[in-house]
Amino acid sequence: MGIGEDSFTGNMMKILLLLGFVAVALAEVTRFDGEKVFRLKPVLDDHVLLIKELANSMEVDFWSPESADLVTIDIDVDLHVPAAHTDMVYTILQQSGMETGVLIEDLQAQMEEQLDNRTPDPRVHSYTKYNSWDKIQAWISSISSSNPDLISRQVIGNTYEGRPMNVLKIGKKSSSTKPSIFMDCGIHAREWISTAFCQWFVKEALSTYGSDSEMTGLLNQMDVYVLPVFNIDGYDFTHNSNRMWRKTRSRMYSSSCIGADPNRNWNAGWCTTGASSNPCSDTFCGSSPESEIEVKNVADFIRRNKSSIKAYLTIHSYSQLLLFPYSYTFELAEHHSELMTVAEGASKALRSLHGTQYTSGPGAATIYPAAGGSDDWAYDLGVKYSYTFELRDTGRYGFLLPESQIKPTCEETMLAVKYITSHVQKNLY
Ligand code: DDK
Ligand code: ZN
Ligand code: ZN
């Protein structure tokens with residue numbers, strides 16, 4: 001009997017459906033019990049094919065590279081597999097002869113372990129914790145009014161879901177326009193260490209101005225624009241619903257899948273390589289360049305301040321890489337050798353603190369070809385010193401880097417960032 005044939009049944013169905021929706025709405029936090037992250041080492045074309053077939057036949061989440069399209073021979077593939085499929089996937093991989101290891105045994109357990117710095121009061125903002133958006137927003141308000149001589153803020157627009165995007169301007173107040181550096185964190189929602197770094201940077205800049213000669217010199221001569229969280233909607237979603245979300249949260253009429261990759265949405269070789277035109281992909285390039293309002297807001301801001309901006313830094317994780325243009329082509333950038341020398345100097349400075357090893361190079365050759373990235377876009381606009389950081393680690397924890405590593409990671413990254421900013425400063429005139 002069809003639903004419409006009996007009005008009692010029909011009404012009951014409606015009520016049950018409604019209850020179902022309420023239940024879904026209440027229980028919307030995704031859990032990851034028993035889910036694993038595998039590391040695969042494809043060395044044959046068949047291995048690559050197998051990985052792509054797996055990706056087609058079930059819901060798997062690519063950690064590195066970031067989607068099936070980017071899988072090639074001889075690169076490590078970190079793959080998050082839902083609990084229901086782990087045994088089967090493991091068996092298939094073993095049979096294929098591909099080298100297969102388990103990076104994370106139980107993602108839910110690892111997620112809980114990540115928050116290993118929850119003392120003493122989980123409600124307050126902390127530079128050594130992964131703060132929720134609400135806490136970061138309150139922090140932005142209070143820090144930007146703490147020292148009007150050194151810091152101010154401006155809203156550059158709202159996110160898709162209507163959250164204000166604040167850019168902090170750090171630098172000794174001046175009546176004339178100073179040369180500047182733009183840095184963003186949190187383009188990708190799940191890369192929490194990135195967001196932690198921008199907060200750390202702001203704190204360090206304010207607290208070492210006047211005592212650290214390098215920082216003092218930098219902030220006297222230049223302004224640093226910091227966007228603490230680029231993809232706020234996505235970041236909030238990783239805290240409240242799905243820890244593994246990467247993209248924005250925009251909706252399109254034509255698809256039920258949500259969001260585009262904000263690091264594939266810039267007008268730089270847009271969607272020509274290493275990006276997907278499938279709205280369900282984690283590397284979906286969007287419906288057009290700057291279709292994502294967050295990307296448009298930042299691009300507009302950089303265009304408006306183009307004459308002052310000398311460097312663009314964007315912070316991601318994980319892989320321990322310091323990348324520069326190009327990613328949309330294998331052709332070398334005009335300033336390749338200078339960009340490479342500076343990247344190597346910065347990596348060396350970073351390594352000097354805790355021995356963390358970074359690899360430097362142009363994006364396409366060093367990680368994978370990927371068009372529509374912010375660094376390539378800024379570079380082609382004329383911002384010569386354009387760098388993408390991929391922070392810790394190399395896959396032991398991946399996106400779930402424990403909070404106990406926030407401090408050492410931020411400390412070492414400061415050295416690399418300061419190395420770059422010093423070089424920029426020396427080459428201003
Ligand atoms: O967006 C990516 O896939 C990674 C960071 Se998760 C960076 C890729 C290289 C820079 C792209 N322009
Ligand atoms: Zn990223
Ligand atoms: Zn990354």
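Summary table
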quantity: Matching option when the condition is away from ligand 1 (no atom under 16 Å from the Cβ), in contact with a Lys or Arg (Cβ under 9 Å, 6 or more places away or on another chain) and not aromatic (F, W, Y), among T91, T86; calculated: T86
quantity: Inter-residue pairs, beta-carbon under 7 Å, first closer than 15 Å to R249 by Cβ and in the range 287-300, second small (G, A, S) and open to solvent by less than 10 Å² (accessible area, probe 1.4 Å), 6+ apart; calculated: S291/A260; E292/A260; E292/G286
quantity: Total residues in the range 187-234, condition free of Cβ contacts under 8 Å to residues at least 60 places away in the same chain and either among the charged types (D, E, K, R) or open to solvent by less than 10 Å² (accessible area, probe 1.4 Å) (or both); calculated: 6
quantity: Residues being buried (at least 23 other Cβ atoms within 10 Å of the Cβ) and among the small types (G, A, S) - total across the range 278-318; calculated: 3
quantity: Any hit, the range 320-330, residues being open to solvent by 80 Å² or more (accessible area, probe 1.4 Å), in a loop (DSSP other than H, G, I, E, B) and either more than 16 Å from ligand 2 (Cβ to nearest atom) or within 19 Å of Q405 (Cβ to Cβ) (or both); calculated: yes
quantity: So D87, is it open to solvent by 10 Å² or more (accessible area, probe 1.4 Å), outside the structural domain of Y318 (by TED's automatic domain parsing) and under 21 Å from the mean Cα position of the chain (by Cα); calculated: no
quantity: Test: residue in the range 331-353 that is outside any strand (DSSP E or B), more than 15 Å from A311 (Cα to Cα) and under 19 Å from the mean Cα position of the chain (by Cα); calculated: no
quantity: Of the criteria (1) within 14 Å of ligand 1 (Cβ to nearest atom); (2) over 21 Å from R243 (Cβ atoms); (3) open to solvent by less than 20 Å² (accessible area, probe 1.4 Å); (4) of a type outside the set (D, E, K, R), which one I75 fails; calculated: (3)
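The values are calculated or read from the model by the stated rules, or taken from the named source; none is laboratory data. A quick note: this is a predicted structure, and the numbers were derived from the prediction, not measured. Neighbour counts run over all protein chains shown; Cβ positions are idealised from the backbone, glycine included. Just so you know, the surface numbers come from the protein's heavy atoms only, side chains and all, with ligands and any DNA or RNA stripped out. Shrake-Rupley method; radii C 1.70, N 1.55, O 1.52, S 1.80 Å.
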